[in-house]
1. Please go through region B:173-209 and give me each residue that is among the aliphatic types (A, V, I, L, M), within 14 Å of another protein chain (Cβ to nearest Cβ) and under 27 Å from B:Arg123 (Cα atoms), ordered by number.
2. Would you tally the residues in region B:318-331 being in contact (Cβ under 8 Å) with a residue 24 or more places away in the chain and either out of contact with any helix residue (DSSP H, G or I) (no Cβ under 8 Å at 6 or more places or on another chain) or assigned to a helix (DSSP H, G or I) (or both)?
3. When you scan region B:10-42, how many residues do you find that are in contact with a Leu (Cβ under 6 Å, 6 or more places away or on another chain) and assigned to a strand (DSSP E or B)?
4. Among all residue pairs at least 6 apart or on different chains, which show Cβ distances below 7 Å where the first residue, located in region B:287-300, is within 18 Å of B:Arg253 (Cβ to Cβ) and the second is open to solvent by 70 Å² or more (accessible area, probe 1.4 Å) and in a helix (DSSP H, G or I)?
5. Among the residues of region B:253-268, which ones are touching a residue at least 12 places away in the same chain (Cβ under 8 Å) and either among the small types (Gly, Ala, Ser) or assigned to a helix (DSSP H, G or I) (or both)?
6. Which condition does B:Leu105 not pass, out of (1) assigned to a helix (DSSP H, G or I); (2) open to solvent by 50 Å² or more (accessible area, probe 1.4 Å); (3) touching a residue at least 24 places away in the same chain (Cβ under 8 Å); (4) more than 20 Å from B:Gln56 (Cα to Cα), if it passes all the others?
7. Determine which single condition A:Val165 fails, assuming it passes every other condition in (1) exposed (fewer than 15 other Cβ atoms within 10 Å of the Cβ); (2) away from chain B (no Cβ under 14 Å).
8. Answer yes or no: is there a residue in region A:145-159 that is modelled with pLDDT of 85 or more, more than 12 Å from chain B (Cβ to nearest Cβ) and buried (at least 21 other Cβ atoms within 10 Å of the Cβ).
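The values are calculated or read from the model by the stated rules, or taken from the named source; none is laboratory data. Just so it is clear, the model here is predicted, and its values are computed rather than measured. When we count neighbours, we look across all protein chains shown, and the Cβ atoms used for this are built from the backbone with ideal geometry, even at glycine. Surface accessibility is based on the protein's heavy atoms, side chains included, excluding ligands, DNA and RNA. Shrake-Rupley method; radii C 1.70, N 1.55, O 1.52, S 1.80 Å.
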Amino acid sequence: MTQNPLLQVHGLGKSYSMRRRGRRADIRAVQDFTITVHQGESVGIAGESGSGKSTLTRMILLLEKPDTGVIRFAGREINDLKGRELLAYRREVQAVFQDSASALSPRMRVRELVAEPLLVQQPRVSRSEVDNRVASLLRRVGLSAKLCSHYPHELSGGQKQRVAVARSLIVNPKMLVLDEPVSALDVSVRSQVLNLLLDLKEERGLAYLMIAHDLAILRHVTSYLVVMRKGRIVEQGHTDKVLLHAQHPYTQSLVTALPSLWT
Amino acid sequence: MSAGTIPLLDVRGLRVYVHTKDGTVRAVDGASFKIERGEALGLVGESGSGKSMTCQAIMQIEPRPAAVIEEGEVLLDGEDLLKKSARDMQRVRGNRIGMILQDPLSSLNPVMTIGDQLIEALRLSDKTSKRSQLRQQAIVALERVGIAKADQRVHAYPFEFSGGMRQRVAAAIAIARYPDLLIADEPTSALDVTTQHRFLELLKDLKRERGMSLLLVTHDLGVVAGTCDRVAVMYGGRVVEIGKLEQILRQPRHPYTRALLKAVPQFHGRRLERLFQISGEPPNNREDLPGCHFAPRCSEVDQRCDAEYPPTVHYDDASCTACWRLVPEDET
């Protein structure tokens, strides 16, 4: 692992105001969130529903504006990026979501789906270049080139998630934000996708920010872990240390509640 | 009752086919298993393995007209439910067999208070009691599933509850009439780990207190591990292995069960860099494969596996497998 910080988030906060029974109430989705992801590092974020994981991801992807705090990428503040620079950021940081079925347009074929981010980033790229890159990526994620002309509904869950991974990699990003990337997949297919993620990280020196509720999966894939509850970080540190020697009662309760095969 | 040796539920050779315009899907392709009184059986399988369709066929709520129960018997106390009239079957549902689904929002009525929904369920078998008495029973049922201030919460609507609480309400309705068997189809898949843990504890309590049998359907072996006495593993519409919980987890016999257990990321124990993976994709159950459905992904496959479906080998009353590798030589 190199020591270059890739993504630095400092004091990030976001609240939503809600009207309930006539009264206004502020929901603090994320409060004072600080984290650093280094080049080639894999950082996990654990927490239950309502812990603010999704709001956090959306802010890091610049899909949602934070109320407070600073996001730096490769040393530059990126909170207010616009136009060409925003496009460049989106090339460096790609996302894979839980439900690839809804992330993939049902009216596009696999070839177009995988090629789309590249065409957005480099509209003048040649057709043969696109074809080459799509073909080699599909091969890399373990999909047959025959699937190029298929639509998402013709694919299985595991295949769709692999298309989503291929699509995120075509612009050669430095970091992937993975929001519950395998929780919709079956056990026998889940390990295929997790192994693929581990291999790609190794080959390409990718950094991962992986959000998941499954602690066993986080233990396999990440080296640093942040536990969130109600928008705040309750515990963080090296994944093994946090999970095997949990200090905070909330982390301990997550570990105890984990269904285990061998107790 | 004199039904000493008859299991509470005995499913024999069940086949449920779904007829679509793209052809027939053999959702359940000859599934057999038994559940004893007071026993919790885990029905484990990946999506598309036919476990939900099996439960729906037991309750006869399979999505008609596309899904058709082609063959088999569903014996409850020795009586074939598939031969019952629609009217008699209505009395079995809720009274003898209760059911909880994955998403409680889809089984609860959003515009009725949960008290009214419980009263509606109770009224089906009790035409004489006053409404106030049924309301009292409804409150008791809610208290039984661990809902605090039940006397106030009966007036609340489903949207006012959290996911875990809604699932408790669904459980209260399912067990309101003290069924002998509770079918829970992925009851905790939509819940957070801590909520899941508490809900599974509740199911165990209900089973212990009432001697109720449980058919727990899940894709998560971890859920089964803390809750069930025996496990049936489904693959491609068939039950490939049944065994006691301990045996399934520690000495799985069928290659699919073994592969499935190895593929689960383990929290305890050694941390591996790469996970064990089963190559290939789950079957689509469209083609009429003559052989074992797991053969295309199996690492121990030989020529018999593709030619003919393996016979079921019984070890004792509680366990069996369907795999050519496990058929003794002299029987082949």
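1. The answer is B:Leu202, B:Leu203.
2. Summing the residues that are in contact (Cβ under 8 Å) with a residue 24 or more places away in the chain and either out of contact with any helix residue (DSSP H, G or I) (no Cβ under 8 Å at 6 or more places or on another chain) or assigned to a helix (DSSP H, G or I) (or both) in region B:318-331 gives 7.
3. 7
4. Listed by first residue and then by second, the contacts come to B:Ala295/B:Asp306; B:Glu300/B:Arg325.
5. The answer is B:Pro255, B:Tyr256, B:Thr257, B:Ala259, B:Leu260, B:Leu261, B:Lys262, B:Ala263.
6. The number of the failed condition is (4).
7. The failed condition is (1).
8. Yes, region A:145-159 contains a residue that is modelled with pLDDT of 85 or more, more than 12 Å from chain B (Cβ to nearest Cβ) and buried (at least 21 other Cβ atoms within 10 Å of the Cβ).
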